[in-house]
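To keep things clear, I will list the structure first and then write my remarks on it.
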Amino acid sequence: NTPSETLGFQAEVKQLLHLMIHSLYSNKEIFLRELVSNASDACDKLRFEAIDKPELMQGDAELRVRVEYDAQARTITISDNGIGLSRDEAVANLGTIARSGTKEFFSRLTGDKQKDAHLIGQFGVGFYSSFIVADKVTVRSRRAGLDAAEGVQWESDGQGEFTVAQVEKADRGTSVTLHLREGDDEFLSGWKLREVLRRYSDHISLPVQMRKEEWDSEKSEQVKTDEWETVNQASALWTRAKSEITDEQYQEFYKHIAHDFSDPLAWTHNRVEGRSEYTQLLYVPKQAPMDLWDRDGRRGVKLYVKRVFIMDDAEQLLPNYLRFVRGVIDSADLPLNVSREILQESRDVKAIREGSAKRVLSLLEDLAENQAEQYAEFWEQFGQVVKEGTGEDPANRERIAKLLRFASTHTESPAQSVSLADYVGRMKEGQDSIYYITAESYSAAANSPQLEIFRKKGLEVLLMSDRVDEWMLSFLHEFEGKKLVSVAKGGLDLDELADEEEKKQQSEQAESMKPLVERLQKALGERVKEVRVTARLVDSPACVVVDADELSPHLRRMLQAAGQ
Ligand code: ADP
Ligand code: MG
C-alpha cells in the first residue's frame with residue numbers, strides 16, 4: 001500500500017455538500033436510492049464494455065448490488081460488482097461536478113432553504129447525498145480489468161478534502177461505506193433498509209440483495225445469516241406489464257434514469273411490434289433542466305438493446321424539439337455493438353424516432369385535452385422548445401400547431417394560454433385570418449399602436465415575444481385553412497370587416513388627407529417607400545408598417561443585431 005494523498009474538493013462540491021446536508025435532511029433516506037442507482041449504472045456499464053471484452057467479467061458475471069449494515073460499527077455498505085473506478089476516475093468523479101448546467105445551478109441558488117432544496121433536487125444529488133447521513137464515507141473500488149493490487153480507497157468527511165490511496169481489493173467493483181452520523185441509527189435495521197429499498201429501488205433491473213435474517217430464540221432477536229436474499233423485483237421495469245407497475249414505481253424509475261428529484265409530469269409506456277420492434281418508456285419532466293438551452297446539454301434517452309444497456313443520452317432517438325423527454329428505449333432490432341455513428345444512419349433508428357415523436361405528441365395532446373392545468377405547467381417550462389418543432393418536424397406540423405399556446409389580446413395576460421383552435425373559435429363573421437404581432441417583449445407587443453384598430457373592432461391578436469416565434473412563423477403559415485397574418489404588415493385588408501358607414505367615412509377621409517399625405521411624402525423622401533392613409537389607427541396619429549412580403553420590423557431588428 002502506498003501512502004494516502006489528500007486532495008481538495010472542487011469549490012462547487014464544497015458548496016453543494018454544505019447545501020445538501022442542510023436542506024435535504026428531512027428527506028435523508030434518498031441517499032440509499034442514489035447509491036443503489038449508481039451501483040446499478042456501474043453494472044450496466046460493465047455489461048456494455050463486456051460485449052467486446054468478455055474477459056472483464058472475470059468469471060463473475062452475475063451482476064448484483066448488496067446492502068449490508070453493521071449495528072456495532074454503525075455503518076451501512078452498498079457494494080456492487082460493476083465496472084468499478086480506477087484511482088483517477090475516483091478523483092475525477094468523486095471530487096468534482098462535471099455536468100452541464102452546473103454554472104446555471106449555482107447562479108440560481110437563493111439562500112432560501114426550501115427553494116434551494118428544490119433546485120438541488122432538480123440538479124441531481126447523486127453520490128454526495130451520502131453525506132446527509134454520514135460524517136465519513138469510505139469508497140473502495142477496483143476497475144474491471146485491473147489487478148487486485150490496483151484498488152483505490154477514497155475517503156472523506158465531506159468537509160472540503162478527501163484522501164485517496166492505492167489498496168488491495170480482491171474483487172472487482174465498488175463498495176461505499178457510510179459511517180452514520182449521531183442520531184441516524186434508524187437505518188441500522190434490516191427492516192428499515194428493506195422498506196426504503198422496496199420503495200426506491202424496486203424498479204432496478206438487477207438483484208438488490210441483503211443478508212437473510214432469522215429469529216434467534218436464545219438471543220430473542222433477529223440475527224443475520226450468511227445467506228443473501230433479493231429484496232427487489234429485479235426485472236427491468238419497462239419489460240413488465242403496465243398493469244403490474246404502480247405509479248410510484250414509474251415515478252421512482254424516472255428519478256433513477258433522469259437523475260431528477262421531482263416526480264415526472266406524465267409518461268407513456270408502449271411495446272411496439274411490426275416492422276421494427278422496441279419498447280419505449282418516455283417521461284415528460286415537471287421542470288426544465290438547467291441545461292435545456294446549452295448546446296452541449298444532456299438530451300435524449302437511454303438506449304438498451306434486448307435489455308442490455310448501450311448508452312445514455314442517445315439523442316438520435318427523438319427529434320431535437322423533444323429534447324426534454326427522458327426515458328428508455330429498448331430495441332430488439334439494433335446490434336449490440338451499435339455506435340452513435342451507426343445510430344445516425346440506421347433505418348431502425350429513424351422508425352424509432354418517428355414512433356417516439358408520435359407517442360410523445362399523443363401524450364401531450366392527452367394532457368392538453370384532459371389536464372389543462374398540467375398542460376399549462378408543461379407549456380410554461382417547455383413551450384419554447386416545442387415551437388421549434390414547427391420547423392423541425394414538418395410531418396407533424398399540424399399536430400404541433402394544435403399544441404401551441406400564445407398570449408393574446410383576448411386574455412390580456414402574458415401567460416401563454418390561447419390555442420390556435422381557441423382563436424379560430426372566436427373569429428368574427430367575415431374574418432378569415434389569424435392576426436398576430438411579434439415584438440421583443442410581451443408589453444411591447446401588447447402596447448403596440450398597431451393593435452388599436454383590432455381592439456376597436458374586437459378582433460383578437462396573438463401577442464408573440466419569444467425568440468423562437470419569428471422562426472416558427474416562417475414555417476407556420478396557416479392553421480385549419482386560416483392564414484396567419486402579421487398586424488405589422490401594410491395593406492392589411494380589414495375592409496371585409498368594416499360596415500358600409502365606416503367604408504364611406506374612410507374614403508372621404510382619404511380624399512381630404514391627400515394634401516397632407518403629399519407633404520409628408522416629400523418631407524420623408526427616400527426614408528419611406530410610401531405614405532398612406534390608414535383606418536388601422538385609433539388613438540395614435542401614425543405608425544410604421546412593412547410591405548406584406550417583407551421582413552417584419554422585429555425580425556429585421558433581430559437579424560441586424562445578429563450582424564446580418
Ligand atoms: P451521476 O450518477 O448522476 O453521474 P453521481 O454523483 O451519482 O452522479 O455519481 C458521480 C459519478 O461517480 C458517476 O457518474 C460515476 O462515474 C461514479 N460512480 C459513483 N458510484 C459509482 C459506482 N458504484 N461504481 C462506479 N462508479 C461510480
Ligand atoms: Mg448517480
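Would you calculate a helix-derived [θ] at 222 nm for the chain, using -39,500 (n - 2.57) for each DSSP H run of n ≥ 4 and dividing by the full residue count, to the nearest 500?
-10500 deg cm²/dmol
Quick one: Karplus J couplings for segment 368-378, per residue in order, coefficients 6.51, -1.76, 1.60, θ = phi - 60°, nearest Hz, x for Gly and Pro?
Values, residue by residue: 4, 6, 9, 9, 3, 5, 5, 5, 4, 4, 4 Hz.
Just the Cα atoms of segment 33-116: what Rg and Dmax do they give in Å?
17.3, 51
Can you give the log10 of the normalised intensity I(q)/I(0) at q = 0.12, 0.17 Å⁻¹, computed with Debye over equal Cα scatterers of segment 390-489?
Rounded to two decimals, the profile gives -0.34, -0.71.
Please compute the net charge surrounding T268, taking Lys and Arg as +1 and Asp and Glu as -1 over other residues with Cβ under 13 Å from its Cβ.
Working: positive: K242, R271, R326, K358, R359; negative: E365, D366.
With Lys, Arg at +1 and Asp, Glu at -1, the net is +3.
Considering amide H positions built from the backbone, and no H for Pro or chain starts, which residues 5 or more places from V305, or on another chain, come under 5 Å of its amide H?
I310, S331
Let me check the size of segment 112-165 from its C-alpha atoms; what are the radius of gyration and Dmax in Å?
Using the Cα atoms of segment 112-165, the pair Rg, Dmax is 15.1, 48 Å.
In µm²/s, what is D for the chain at 25 °C and 0.890 mPa s, where D = kT/(6 pi eta Rh) by Stokes-Einstein and Rh is the Kirkwood radius from Cα pairs?
Values: Rh = 27.6 Å.
For these conditions, the coefficient is 89 µm²/s.
Considering Cα pairs under 8 angstrom that are at least six residues apart, work out the relative contact order of the chain and quote it in whole percent. Walk me through the intermediate numbers first.
Numbers: 975 pairs, mean separation 56.9, N = 564.
Worked out over the chain, it gives 10 percent.
Could you give me the ³J(HN,Hα) list for segment 11-24, computed from phi with Karplus coefficients 6.51, -1.76, 1.60 and θ = phi - 60°, whole Hz, x at Gly and Pro?
Per residue, the Karplus-derived 3J(HN,Hα) values read 3, 4, 5, 4, 5, 5, 4, 4, 4, 5, 4, 7, 9, 10 Hz.
So, in nm, how far is label K192 from label E277 when the simple model puts each one 7 Å beyond its Cα toward the Cβ?
4.7 nm
Quick check on packing: order 29-39, 233-243 by the mean number of other C-beta atoms within 10 Å, highest mean leading.
Values: 29-39: 23.5, 233-243: 15.4.
Most protected by this proxy first, the peptides run 29-39, 233-243.
If I stretch the segment between W471 and I51 completely, what's the gain in nm (0.36 nm per residue apart, minus their alpha carbon distance), one decimal?
Residue separation times 0.36 nm, minus the Cα-Cα distance, leaves 146.8 nm.
Please work out the FRET efficiency for the pair Q10 and T239, using the Cβ-Cβ distance as r and a Förster radius of 51 Å; give the result to the nearest 0.05. Mind showing how you got there, number by number?
Details: r = 39 Å, r/R0 = 0.76.
Calculated value: 0.85.
Using the Karplus equation 6.51 cos²θ - 1.76 cosθ + 1.60 (θ = phi - 60°), what ³J(HN,Hα) coupling, rounded to whole Hz, does each residue of segment 301-314 give in order, writing x for Gly and Pro?
10, 7, 9, 10, 10, 6, 6, 8, 5, 10, 7, 8, 6, 7
Please compute the length gained on full extension between K103 and D171, using 0.36 nm multiplied by the number of residues separating them and subtracting their Cα-Cα distance. Spell out each step's value before the answer.
Numbers: separation 68, 0.36 × 68 = 24.48 nm, distance 3.77 nm.
Extra length from K103 to D171 when fully extended: 20.7 nm.
Given H placed on each backbone N at 1.01 Å, which residues far from R64 in sequence or on other chains put an amide H within less than 5 Å of it?
Here N81 satisfy the definition.
Just so you know, all these numbers are worked out from the coordinates, no wet-lab data involved. Remember, predicted model here, so these are calculated numbers, not experimental data. With ideal geometry, Cβ positions are generated from the backbone for all residues, glycine too; neighbour counts draw on all protein chains shown.
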